[in-house]
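The values are calculated or read from the model by the stated rules, or taken from the named source; none is laboratory data. These figures come from a predicted structure and were not determined experimentally. With ideal geometry, Cβ positions are generated from the backbone for all residues, glycine too; neighbour counts draw on all protein chains shown.
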Amino acid sequence: MKEKNLEMKEMKITGFFNKDSEFKGDLFFKGSFRIDGKFKGTINSDSILVVGETGKVEADIKVGYLINNGQIKGNIQANEKVEINAKGRVVGSITAPKLVIEEGAYLEANCQTSEKVIQPPLEKKINLGNKP
């Protein structure tokens, strides 16, 4: 059911940067947003971000769902899913519960696909001898 809701939300683009747009700064949005131009900065939303084929994004991204057909450089965190389609390129890091990489996509990233960040175990002190 959740996937169907995301598909319906994706059809309703509430914001858009066209291929001739260039924007630097902080982007916050509700609903779905599509970038076909150039963006540099930070992106924060619980919704869907679509980067089109002509999109070039250099940003720290925190979204609900990311669909990439363009170029992204930076750190990506998604609450639900990251999709990198055949023409998509990502350089950076990705953290998401689900990661889909289509054949032909370019990926140069550290990826973590668990819902919780796993903490390294604490070091145990080893007692050699009788000293506490």
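For this structure, a couple of remarks:
- Unique residue being surrounded by fewer than 17 Cβ atoms within 10 Å (Cβ to Cβ), of a type in the set (D, E, K, R) and modelled with pLDDT of 95 or more when the list is 73, 12, 19, 38: 73
- Region 10-63, residues that are outside any loop (DSSP other than H, G, I, E, B) and over 22 Å from residue 91 (Cβ atoms): 10, 11, 13, 14, 15, 16, 28, 32
- Among residues of region 39-87 being among the basic types (Lys, Arg) and closer than 18 Å to residue 106 by Cβ, the one that is farthest from the chain's Cα centre (by Cα) is 87.
- Check on residue 32, surrounded by 13 or more Cβ atoms within 10 Å (Cβ to Cβ), hydroxyl-bearing (Ser, Thr, Tyr), modelled with pLDDT under 95 and touching a strand residue (DSSP E or B) at 6+ places or on another chain (Cβ under 7 Å): yes
- Residue in region 46-68 that is at pLDDT below 95 and either on the phi > 0 side of the Ramachandran plot or acidic (Asp, Glu) (or both) present: yes
- When residues of region 71-97 are limited to those that are in a loop (DSSP other than H, G, I, E, B) and touching a Ser or Thr at 6+ places or on another chain (Cβ under 7 Å), the one farthest from residue 57 (Cα to Cα): 97
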